[in-house]
Amino acid sequence: MRQGEPDVRDSSDIITLSLVSHTNAGKTTLARTLLRQDVGEVRDAAHVTLVNESFTLIETGGFMMRLWDTPGFGDSARLMKRLKRERNPLVWFLSQTWDRITDRPLWCSQQALKNVREDADVVLYLVNAAEPPEAAGYIGPEMEILSWVGKPVVVLLNQTGPAGGSLFDATELDAWRGHLKQFEIVRSVLTLDAFARCWVQEDTLMESLAPLMEGSKIPTFQQVKRAWTQRNIGVFLDSVRLVSEQLTAALVDGVDVRAETLLERVGWQREELNREYNDARQKLAEGLADRVEQATNKLIEAHGLKGAAGSALSQVAREHFHQPQGVSESIWGVVGSFAGGAMGGLIADLKLGGMTFGGGALIGGIASGIGAYALIRSYNLVRGSDQRLRWSREHFREQVRLALLTYLAVCHFGRGRGEWEESEQPEHWRDAADAVLEEFADEVDKLWKNGVQKETSPSALYRETHHLVGDCMTALLERLYPGVDSSSWRA
């Protein structure tokens, strides 16, 4: 529901959250991320949001949670003086009309506070955590104003970077909590970066709101909180399915290649066989690249984001990589610009036929006389039990690791950033993925053996893959968000 639309339901059936902050702190960006839709206007300027706007966060069974995006606070001291005049409605009305013409920042601030006082069950107060709390001089006056209104406040720390990263650690969080402890209306302080939040943090926000509900709002909140959690878990399970389908397809994929003749085995007349192996490797790599691209695009869509992966890489591949040995230095620079993220690096490499992936041979490393076994080993291929060329165990391990990193990149991408784009992944994500892969190394190897060496049926292989991927993705989020309750995530 947007501003101005009538709502005939009882007020006890609606939970209202008012998102407020000092001007230009990123409220609308966070609103877009939480709402999973483009709302308002995002610009690096003060007072971009000029009026209060209402949006539905979630609705279920006649119950609703509503989010108000409000104009930012400006001169808090002057605003406090003006608000004290509200006891005289005529003066309040005249001051709003006059300020709208002569003092837009003050008028915007009035609108924000009017919304909080009249509509909010809880105030979500957003601050820029990129600066230390003692440097944010606006917080004291604004907390005084919110104390005058008397609604409970949950402080959200924005611009912290991905959870667990070096940009924001537990010490800094404790510093903010210590600084805000002086204000009785502040009930909790959480990190929720508009650009890099994860759905796990959204559920933590919901948990923090539960004890702030009163009276008839308690059962309403329980309903919407349950719906919110179920929606997030549904997206997680969809993600497990998509990654499982991608990895299962990689396990069953293979290309028929004839066996070596006796002369070829001893190193004679190998040119034709080497070309056959090279064509097989190229076919496998292109198929894997397409599946990675498709799976990533489906992950992006499942998370309510816009954009697509791999389109720029596909264009580069079409224009420059028909003859891999002739790739110029300048084109490698183009590929490198896309390879900062795990998924981009994988697609870039596979579009070249897997030339460098997983420590394989470099461009130009193919010689007409190289042995067939050496060629297979260089490009991370093996003969399966059916004698077809298949991805090696080492290559498959890398596929699992990169699939986990791709999931992290998508599930942390805030819609406020605009359309999906890949960026370099934080080092602690890679460390977490490596740790999870080590934890489940035996299971990953067993899965590969069942797919490549034992030729397990595709349906049985998918079930095994699905179970393992669910365990790995759950363990990954548990490492990044210690203490989270993951008991309800399993299918």
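The values are calculated or read from the model by the stated rules, or taken from the named source; none is laboratory data. All of these numbers come straight from a predicted model, not from anything done at the bench. Heads up, the Cβs are rebuilt from the backbone with ideal geometry, glycines too, and the neighbour counts pull from every protein chain shown.
Things worth noting here:
- Residue in the range 469-489 that is more than 30 Å from GLN159 (Cβ to Cβ), touching a helix residue (DSSP H, G or I) at 6+ places or on another chain (Cβ under 8 Å) and surrounded by fewer than 18 Cβ atoms within 10 Å (Cβ to Cβ) present: yes
- Summed over the range 131-177, residues that are modelled with pLDDT of 80 or more, part of a loop (DSSP other than H, G, I, E, B) and surrounded by fewer than 16 Cβ atoms within 10 Å (Cβ to Cβ) total 4.
- Test result for LEU273, at pLDDT below 80, part of a helix (DSSP H, G or I), surrounded by 14 or more Cβ atoms within 10 Å (Cβ to Cβ) and of a type in the set (A, V, I, L, M, F, W, C): yes
- Any hit, the range 219-242, residues being among the hydrophobic types (A, V, I, L, M, F, W, C), at pLDDT 90 or above, touching a Gly at 6+ places or on another chain (Cβ under 9 Å) and over 24 Å from THR56 (Cβ atoms): yes
- Selection from the range 427-484 of residues that are among the hydroxyl-bearing types (Ser, Thr, Tyr), part of a helix (DSSP H, G or I) and either touching a residue at least 12 places away in the same chain (Cβ under 8 Å) or not assigned by TED's automatic domain parsing to the domain that holds ARG393 (or both): TYR462, THR465, THR474
- If the condition is being modelled with pLDDT of 85 or more and more than 20 Å from PHE195 (Cα to Cα), then the range 400-417 contributes VAL400, ARG401, ALA403.
- Residue match in the range 232-246 (condition: farther than 19 Å from GLY304 by Cβ and either of a type in the set (Asp, Glu) or in contact with a strand residue (DSSP E or B) (Cβ under 9 Å, 6 or more places away or on another chain) (or both)): yes
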